[in-house]
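Below is one structure; the comments refer to it alone.
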Amino acid sequence: MITWKRSILTNLEGVYCVELFHTAQGLSIAAASETHGGWCKLIDFATRKEEIVWTGPGGCMNISQLDEAGSVVGIQNFYKGFQSKEARLVQASRGRAGWQTKVLKVLPYLHRSGVVHTQDGPYVVASTLCTHRENADDWSHPGKIQVARIPQGEEEIQFRVIQEGVTKNHGFWQGRLDGEEVTLIGGSEGLFRVRPPKGSGDWQVDKLLDREISDCAAADLDGDGEDELVTFEGFHGDTAAVNKRINGTWAIVYTLPMHFSHAIWAGELLGRNLFAVGYRKEDGKLYLVEHRPDGYHPILVEEGVAPSNVRGFVYEGRSYLIAAARDRNQVILYELASD
């Protein structure tokens with residue numbers, strides 16, 4: 001049986017995204033707000049000392065670690081509705097005078113980004129939710145997947161489109177699938193896998209699932225040596241699904257009801273692979289789901305948390321979940337244990 005102890009890691013108004021940073025000093029938790037004027041902070045997990053990375057303008061949809069010093073690459077100016085024409089990619093680094101933030105590029109409707117390390121240096125993969133909107137219901141201008149090498153010094157960043165025509169590309173996951181580092185991006189047109197160049201090759205994009213996917217994660221959940229895909233079916237849809245390859249084709253083998261699905265993570269906790277999912281509407285539940293010999297079993301972690309994002313990690317032999325409870329203005333920490 002899995003049990004947990006709950007605590008508040010930090011308070012942050014409008015907290016939307018959380019991420020793990022493995023720096024030269026140890027593990028830190030990055031958290032940022034989506035509200036106007038929202039902050040970004042970095043929390044040393046061992047000491048719980050907090051650093052303020054920026055104090056605005058807010059509208060942060062996600063953040064990524066750039067280097068061992070803990071430099072941040074993230075998104076600002078993406079706000080609810082269709083107020084995201086001035087969305088931008090920024091880089092924040094520690095300096096002698098504290099944290100300094102510079103704008104790398106204004107990318108209208110930039111919704112997700114992540115750092116990929118290649119032989120040619122660090123790149124950013126960036127997904128725009130759309131290219132233009134007349135109103136909040138206008139999806140007639142599909143988004144794009146773009147890549148760019150992160151520049152050194154004052155060099156200007158240069159983006160290149162590697163995939164056109166991805167509408168509502170909300171999902172963005174980076175990790176290992178089938179033994180290689182990939183970025184998975186979900187949209188109305190399907191679930192896309194982005195692979196970085198090998199040697200003198202180019203970026204590769206292929207489609208894994210040919211249906212609308214909101215968010216995704218991957219891990220070997222049943223322990224058979226092959227990864228499964230955890231997906232939210234439909235745009236913020238009402239179903240979380242486990243997809244397994246059967247005779248070379250992805251098939252849904254388990255589902256769990258959601259209400260405005262949003263938070264997702266998969267990986268190793270308590271010595272086995274689990275996944276966490278949560279939704280933001282109705283009763284706002286956060287679940288852990290484990291595979292047992294008789295199938296998948298959901299474990300309710302908390303009701304009412306309405307998580308916007310969730311991450312799992314192991315620190316000094318102990319397993320944890322962190323959740324961004326946006327409506328509570330809290331980053332909640334769950335220390336897990338197993339009987």
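FYI, it's all coordinate maths here, none of it is from the lab. This is a predicted model, so every value here is computed, not measured. As a convention, Cβ positions derive from the backbone with ideal geometry for all residues, glycine included, and neighbour counts pool all protein chains shown.
So the values come out like this:
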| quantity | calculated |
| --- | --- |
| log₁₀ of I(q)/I(0) at q = 0.08, 0.09, 0.11 Å⁻¹ - the chain, Debye sum with one point per alpha carbon | -0.34, -0.44, -0.68 |
| Packing-based order for 112-122, 248-258, 302-312, using average beta carbon neighbours within 10 Å, highest first | 302-312, 112-122, 248-258 |
| 5 angstrom amide H check on Ala218, placed H, neighbours 5+ away | Val230, Ala266 |
| Whole-Hz ³J(HN,Hα) from phi, Karplus 6.51 cos²θ - 1.76 cosθ + 1.60, for segment 153-160, glycine and proline x | x, 9, 4, 7, 6, 10, 8, 9 |
| Spin-label pair Glu180/Asp238, simplified geometry with 7 Å Cα→Cβ offset, distance in nm | 3.8 |
| Highest average packing first - 46-57, 64-75, Cβ atoms within 10 Å | 64-75, 46-57 |
| Contact order relative to length of the chain, as percent, for alpha carbon pairs under 8 angstrom and 6 or more apart | 13 |
| Segment 198-267: GluC sites (Glu not before Pro) falling in loop per DSSP and having at most 11 other Cβ within 10 Å | Glu226 |
| Integer Hz, Karplus 6.51/-1.76/1.60 couplings in order for segment 247-257, x for Gly and Pro | 6, x, 10, 5, 9, 6, 10, 7, 9, 9, x |
| Residue-span extension gain [Lys49 to Asp67] - 0.36 nm each, minus C-alpha spacing | 4.5 nm |
| Computed over segment 161-267: relative contact order in percent, which uses C-alpha pairs under 8 Å that are six or more apart | 19 |
| Choice from Ala97, Ala240, Ala323 showing the highest fluctuation, given a GNM over the chain with Cα pairs closer than 10 Å | Ala97 |
